[in-house]
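Below is one structure; the comments refer to it alone.
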Amino acid sequence: MFITSTSNPMTSSASNNYNTACTTGTSGSGGQQPAGLKTYFKTPEGRYKLKYEKSHPTGFLHYAHGKSVTQVTLACVKEKSTVSLPSSSSSLSLGVGSGVRSAAAKLLGGNGSKTLGIVGGNGGSSKLLSGTSKVGLSGTSNTNSYSNNNINFDGKGTYLVFNVGDAIFISDLSSQDKDPIKSIHFSNSNPISHAFNPDARDGHDLLIGLNCGDVYSVSLRLQLQDIGKKLVGAQHYNKDGCVNNSRCTSIAWVPNGDGTFVVAHADGNMYVYEKFKEGDPSFPAIKDPTQFSVSHARYSKNPIARWHICQGSINSITFSGDGAYIATVGRDGYLRVFDFKTEQLVCGGKSYYGALLCCSWSMDGKYILTGGEDDLVQVWSMEERKVVAWGEGHSSWVSGVAFDSYWSAPNTDDAENVVYRFGSVGQDTQLLLWDLEMNEIVVPLRRAAGGSPTFSTGSQSAHWDNGGPVGGLQPAPSMRDVPIISPLVVHRAESEPLSGLIFTRDSILTVCREGHIKIWTRPTSDSESVSDLNLNEKPFKVGTISSNIRQ
């Protein structure tokens, strides 16, 4: 039994025809939904409902939007008793009484205007100061707009950090206000990627990578306390592209790395940094661009190492939960998995067609998801070092994948049969949810029909019978060798192409490339169960096999 909640899917050169159900949306918390969009979708555990939306201010013009796609980072700021701010040269002060700590908790960038304000606990705001100051690439602001930048606010809370055009926006996830509470503007380049480390010891917990290759580390708490639109207290890396001037495509903190982080670039190089270390090293020329190589900086300068991964862009990087392995996907269509400590290639394999755009680890480090231009979601097993399943259901490029670490399978009596829930989003505007139960999938008997590149015959391989060698990259396996799974849920979440998704304890977040975020709340314990849902819609079936939901 499959559940579908979709309408008018987009088509591409690598897509299948399938039946969908179309329902006109109703007015939600974010206003009237475009025709054909539902404000909920059904799963066996109940309905996921659209609770509210987040976006950039309505008056914001992202003139250079084409150079960047919106990504979102979930940032959980822990409580901290005292935070010192950079010294101020301004005599303007804001009086904050001891009884209005919550009222000075959020700094608003606008409601569509250039006015800054402080948001009160009731959602109201009072206008304080206006300005259009931006941070250039020659440095960041080390002075504040006024002497007392809300120092009583410790910043504790959960925030969404997302990029649109030449700006970074910060929204309070707990608030239903659609507009962000803070904006940070860059004058000469667009922010492309960002990452947050909740366990940063020195306060610098947010990384921001730019289109020109520059990288900043900042304290998210300090940005929330400051009223301006510049970065405050920022550390600047790869200044003016002195080490690498190609686009910063992805950025990640090393888990348990004590301030170490990794930056991937569009030229196929990846750099390892340590916070606050002196920079501007020199690296030897790359002898063979087709081969993986690692070079270390002399005199222990920043970046401390350069990893040449591939020819062409590295599109995404992600660490396993324990930080032992790092996975990369790139323009050449390869997933590569490295042992981060030994700096050795462990395993990897190629997409069925085209570039890979995204990747994500399972919470236990046993599986890796990838998605890309072949419209497929690839499930890679670290234990077997091969593709163990392909998810077929998108009708355009897959732009985001993630495991749901908060979901648990109901009535799971067999401890050895672990069921994984994961999600994917694509340029077809659709959110797909999948259940992966390894004991239930089998090798298909024949190749799925179709003439697109996704379903080309390919060469017969021994991929399913033998895991790949350590340190080797495998070619794409034949379709006949790998099980094909179908999605549990197909839901058209937006009218624009989607670029990412995040699972939280209470919701699923989807983001489109235009900078609009939707928060879908999980079913509550007293919500309707699968037996209460209308499941008379035509099943969604793709390929030669499908995964079943047990009643």
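The values are calculated or read from the model by the stated rules, or taken from the named source; none is laboratory data. Treat the numbers as computed from the prediction; the structure is a model and nothing was measured. Heads up, the Cβs are rebuilt from the backbone with ideal geometry, glycines too, and the neighbour counts pull from every protein chain shown. All accessible areas refer to the heavy atoms of the entire protein, side chains included, with ligands and DNA or RNA removed. Shrake-Rupley method; radii C 1.70, N 1.55, O 1.52, S 1.80 Å.
If you take all other residues with their beta carbon under 10 Å from the beta carbon of residue 353, and give Lys and Arg +1 and Asp and Glu -1, the sum is -2. Given 341/366; 239/518; 42/350; 51/366; 366/518, which pairs have Cα atoms separated by over 23 Å? Correct reply: 239/518; 42/350; 51/366; 366/518.
Heavy-atom accessible area, probed at 1.4 angstrom with all protein chains present, ranks 386, 49 as 49, 386, highest first. Summing +1 for each Lys or Arg and -1 for each Asp or Glu among the other residues whose beta-carbon sits under 9 angstrom from that of residue 256 gives -3.
Close amide H partners of residue 47, meaning residues 5 or more places away or on another chain with modelled amide H under 5 Å apart, are 528.
By how many nm would the segment from residue 156 to residue 239 grow when fully extended, if each residue of separation counts as 0.36 nm and the alpha-carbon distance is taken off? Length gained between residue 156 and residue 239: 26.8 nm.
Annotation for segment 290-395: GluC sites (Glu not before Pro) lying in DSSP loop with at most 16 further Cβ atoms inside 10 Å of their Cβ are 343, 383, 384.
Just add up the charged neighbours of residue 321: K/R +1, D/E -1, any other residue whose Cβ is under 12 Å from the Cβ of residue 321.
Taking every other residue near residue 321 into account, the sum is -1.
The residue 524 and residue 187 beta-carbon pair, evaluated with R₀ = 45 Å, returns a calculated FRET efficiency of approximately 0.45.
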